[in-house]
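Report on the following structure.
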Amino acid sequence: MKINILIADDEKEFNETLSQRLEVRDISVTSVYSGKSAVAMAEKIDFDVIILDVLMPEVTGLDALKKIKNTKPLTPIIMLTGAATVENAIQGMKLGAFDFLMKPADIELLMEKIHTAHQFKQAHEERIRKAEIENILQTHGW
Amino acid sequence: METSNKKAMFFGKVTASVTHEIQNVLAIIKETSGLMEDFILMHKTNQVPDFDSKLDKCLETLKKQAYRGVSLTSNLNGFAHTPDNIQSAIDICETTKKLISITDRLFKQKNVSVEVCECTASCSITTDPVIFQMILFSCIECMIDTFQIQQLMVNIHPKENTIGICFSIGDENFQYPDFKEKIMQSSHWSKITDLCEQINFTAGMTPGSPKIFILVG
């Protein structure tokens, strides 16, 4: 099954081109152009990985990260920015970002980060499933 | 704070915004050329549907971004040369348009579009070009930060020996009963009046309509 990702970047042409480059690498991409739309879309769909631009109007990437982390704590989020200051990176990581990349990112490096983030999510979900099964077994004394 | 510090802060803010924009242009160019490379590589082994039109679209994007980059860098270069002389003759319309073109991203971040109405006559003045641009920028920030607006209009009216620069809210039907009070309370307003005093300009508000203006000359 294809990895399903969400990209939020207000720079429309960058967003569209990056989406196409990921699609030719067998990634399924949903594009949105604001932090607000990213939060709304993340609530509706369970994405494997989310990529957020830091600087977006109204709801910034960091605001969107906070909101998405509240509703989808397991979804790994990669922050992408053209103004990668150390402060942005630290703040994003503190807020629970999986990783941070500076624009223009190398596509192979981004692919690597997407795969790592996806594997991390899968492993995390697997651990939760096992814990739930164990809990059921213990509750019933099996 | 000293004027030289304020000038440095203003330069930092504008430069940060425009270089961010240039980085975006370069990021698009990089991704678009990468996408072309992807298509060409795929085409060698597999037939890519609409290969020619896909390449044409990429080339169109590259051309558009190259023009955008050239415009940004030439306006930034012009801006960088403004402190060369303490006093210089400037065209108010041109300077206003160029300043807005390099600071546009800062306003778009606040979801506001700023438009300069076409000037009907040439409006030149000899003044401190940096302080003049700081006044323009502060007036725009004052209107945007004080009111929840989506559009701001900048009109330049030459009249006899005076030139008026007017900043008004795009939505003319919207009512702002306490406009004057809110502007007066804004931290930007005292900054505007201080800067105007330094170069003998006058800042004011139009009674009964949500506009602020600067009188030059």
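Each reported figure results from applying straightforward, stated rules to the coordinates on display, with no laboratory input. Owing to the predicted nature of the structure, the values given are computational and were not obtained by experimental measurement. Using ideal geometry, Cβ is built from the backbone for each residue, glycine included, and neighbour counts are taken over all protein chains shown.
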| field | Extreme residue, farthest from B:ILE131 (Cα to Cα), among residues of the range B:191-205 that are touching a helix residue (DSSP H, G or I) at 6+ places or on another chain (Cβ under 9 Å) and of a type in the set (S, T, N, Q) | value | B:THR202
| Looking at B:THR32, B:THR19, B:THR61, which one is under 24 Å from the mean Cα position of the chain (by Cα), at the interface with chain A (Cβ under 10 Å from one of its Cβ atoms), farther than 30 Å from B:PRO129 by Cβ and part of a helix (DSSP H, G or I)? | B:THR61
| In this structure, does A:PRO76 turn out to be over 15 Å from the mean Cα position of the chain (by Cα) and surrounded by 12 or more Cβ atoms within 10 Å (Cβ to Cβ)? | no
| field | Single match in B:ASP104, B:ASP84, B:ASP128 (criterion: out of contact with any strand residue (DSSP E or B) (no Cβ under 6 Å at 6 or more places or on another chain), within 14 Å of chain A (Cβ to nearest Cβ) and of a type in the set (Asp, Glu)) | value | B:ASP104
| message | So, in the range A:38-83, how many residues would count as being within 14 Å of another protein chain (Cβ to nearest Cβ) and hydroxyl-bearing (Ser, Thr, Tyr)? | response | 2
| query | From A:PHE98, A:PHE120, which residue is surrounded by 18 or more Cβ atoms within 10 Å (Cβ to Cβ) and not acidic (Asp, Glu)? | reply | A:PHE98
| said: I'd like the full set of residues that are over 15 Å from A:ALA97 (Cβ atoms), among the β-branched types (Val, Ile, Thr) and in a helix (DSSP H, G or I), limited to the range A:40-86. | reply: A:THR71
| field | Options B:ILE163, B:ILE125; residue that is of a type outside the set (Phe, Trp, Tyr), in contact (Cβ under 8 Å) with a residue 40 or more places away in the chain, in a strand (DSSP E or B) and touching a Cys at 6+ places or on another chain (Cβ under 6 Å) | value | B:ILE163
